[in-house]
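Q: My questions will all concern the structure given below.
What follows is calculated from the coordinates using simple rules that are stated; it is not laboratory data. Since the model is a prediction, treat every value here as computed from it, not as a measurement. Reconstructed Cβ throughout: ideal geometry from the backbone, glycine too, with neighbour counts over all protein chains shown.
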Amino acid sequence: MNDADGALVLRARGLRKEYGRDTGLVRAVDGVDLDVAPGETLAVMGPSGCGKSTLLHLLGGLDRPTAGDIWLAGHCVDRLTERELARMRRDAVGFVFQAFHLMDELTAVENVELPALLAGRSPRVARRLALSLLERIGLADRATFLPAALSGGQRQRVAIARALANQPVVVLADEPTGNLDSSATREVLRLFESLRAAGQTLIVVTHDSRIAATADRMISMRDGAFIDETRLTGGTRGSLADLAGLGG
Amino acid sequence: MLGKEPSHGYQLRARLQQALGPAGDAMNAGQIYVTLSRLEKAGLVTSERAAGLPDRPDRKVYALTAAGQQRVAAWIAEVCWPGPGLAEFHLKLVAAAAARLSDPLAIIDAQRRDLLRRLRHAQRAAMAEPDRSDAALLLEGIVLRLQADLRWLEACERNWAGRKEIS
């Protein structure tokens, strides 16, 4: 990676992931190049089975590619040992999943502080951090609730707060609204919008157009490859009046 | 529909009926000939009478002129919302594929780009309004409609991508 690319949060070149072999060979990710700048929000959309979740797992170091290179926060991920990779995932990446993956026996604040504790912060510092994150997502008053006592939207917001616990360089979200009804989706939309406004680098893979529309940039994926890319910022043709049927 | 090949009016009608299904039931043969003669006056279509047959519209073979080809290509490339009904967008895909003018999937991608930009715009405006306000409710309506259209695009994408694999 040369100096000009040093500013990128994430860079992938020729990324491939294959499963099976011979006639059963599946190219889940098939030759993906990607550059993500700091503060950028990116949505990857595509039908189920298009490889977008596999891609997210590769980018976050949850899985190793068959071929290709990934640089995350300036480090070449392929050269890391398993132990280094685990540390990288913990410190540099925040994951958000469709099924929340909260610890059922821990309260909201305990869930949020867990990554900070694992990263070696003192319990006091971790707790203070977790409380301020819960404040930020508007759930300070639910800090001592168990996940079972929270609504779906609240659980996902707690999961997002947990993803932010170690101030990750990038948050990777896999269908974050996939299990939510429309009002819970709105809660998550608002939160993503505020993360975007705060300059958090964010990659979301989804087939929910609403969450995709919070991003600055959208990539369409089909059969493991990027087939279309567009900026969603600016250039909106047609005013809201036209959209509402008030246009002349 | 003429983009595919020069055709008789009844062939055009059959193609439209196949593309539209029951939604196209209200369309009658007269409409097609009226439209064809208008297009002919506008220089977008030419017609040729088959030798030895009476000069009746249903005996003629119609074809696109160069200007007509251009007009069809421009129509297919045009992206707008909510202007065209579902049928118009649908016919663009069918026509683009039949005439091999452009890839239906590329048309779908262009439409999706446009709808997502609109969705982003409307959604941000909706989030800026207080919950439960009248203004937010109207904006929510716009968002839901755009979302429905985007879902239909997904269905179009699945369908046309599937046909591509078969062919």
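Q: Rounded to whole Hz and in sequence order, give me ³J(HN,Hα) for the stretch B:141-156 from the Karplus expression 6.51 cos²θ - 1.76 cosθ + 1.60, θ = phi - 60°, writing x for Gly and Pro.
A: Computed from phi, the couplings for the stretch B:141-156 are x, 4, 4, 5, 5, 4, 4, 4, 4, 5, 5, 5, 4, 4, 5, 4 Hz.
Q: Pop a pseudo-label 7 angstrom from the Cα along the beta-carbon direction at both B:S133 and A:L146 and give the gap in nm to one decimal.
A: Spacing of the two 7 Å Cα→Cβ label points: 4.1 nm.
Q: When a footprinting reagent is the concern and you count Cβ atoms within 10 Å, what order do A:R13, A:R79 take, fewest first?
A: So the residues, fewest neighbours to most, are A:R79, A:R13.
Q: Now for a different question. 5 Å is the cut-off here: which amide hydrogens, built 1.01 Å from N in the peptide plane, fall below it relative to A:M221, excluding neighbours closer than 5 in sequence?
A: Those qualifying (amide H under 5 Å, at least 5 residues apart or on another chain) are A:M45, A:G46, A:I227.
Q: Out of the stretch A:32-123, which GluC sites (Glu not before Pro) are coil in DSSP terms and have no more than 13 other C-beta atoms within 10 Å?
A: Within the stretch A:32-123, the qualifying GluC sites (Glu not before Pro) (loop, at most 13 other Cβ atoms within 10 Å) are A:E105.
Q: Taking θ as phi - 60°, what are the ³J(HN,Hα) couplings along the stretch B:65-77 by the Karplus curve (6.51, -1.76, 1.60), each to the nearest whole Hz, with x for Gly and Pro?
A: Along the stretch B:65-77, the couplings run 7, 4, 5, x, 4, 4, 4, 5, 4, 5, 4, 5, 7 Hz.
Q: Just report the Cα centroid separation between the stretch B:89-143 and the stretch A:125-164, whole Å.
A: The distance from the Cα centre of the stretch B:89-143 to that of the stretch A:125-164 comes to 34 Å.
Q: Next up: What residues qualify as long-range amide H neighbours of A:V29, i.e. H under 5 Å apart, gap of 5 or more or another chain, H built at 1.01 Å from N?
A: So A:V29 has HN proximity to A:K17.
Q: Place +1 on the Cβ of every Lys and Arg and -1 on the Cβ of every Asp and Glu in the stretch A:131-248, take the dipole about the Cα centre, and give the residue among A:I137, A:S209, A:L243 whose Cα lies farthest towards its positive end.
A: Farthest along the dipole direction, towards plus: A:I137.
Q: Search the structure for amide H atoms under 5 Å from the amide H of A:A37, placed 1.01 Å from N in the peptide plane, and list their residues when 5 or more places away or on another chain.
A: A:V9
Q: Note the full-extension length gain between A:T233 and A:D181 as 0.36 nm times their separation in residues minus their Cα-Cα distance, in nm to one decimal.
A: So the extension gain works out to 16.1 nm.
Q: Still on this model: What size of dipole, in debye to the nearest 20, comes out for chain A about its Cα centre when the only charges are +1 on Lys and Arg C-beta atoms and -1 on Asp and Glu C-beta atoms?
A: So the dipole magnitude of chain A works out to roughly 500 debye.
Q: List B:W75, B:W160 from most exposed to least, where exposure is judged by having the fewest other Cβ atoms within 10 Å.
A: Result, fewest neighbours first: B:W75, B:W160.
Q: I'd like the Karplus ³J(HN,Hα) series for the stretch A:41-52: coefficients 6.51, -1.76, 1.60, θ = phi - 60°, whole numbers in Hz, and an x wherever there's a Gly or Pro.
A: 10, 10, 10, 10, 10, x, x, 5, x, 7, x, 5
Q: So how do A:T185, A:T230, B:T35 line up by other beta-carbon neighbours within 10 Å, fewest first?
A: B:T35, A:T230, A:T185
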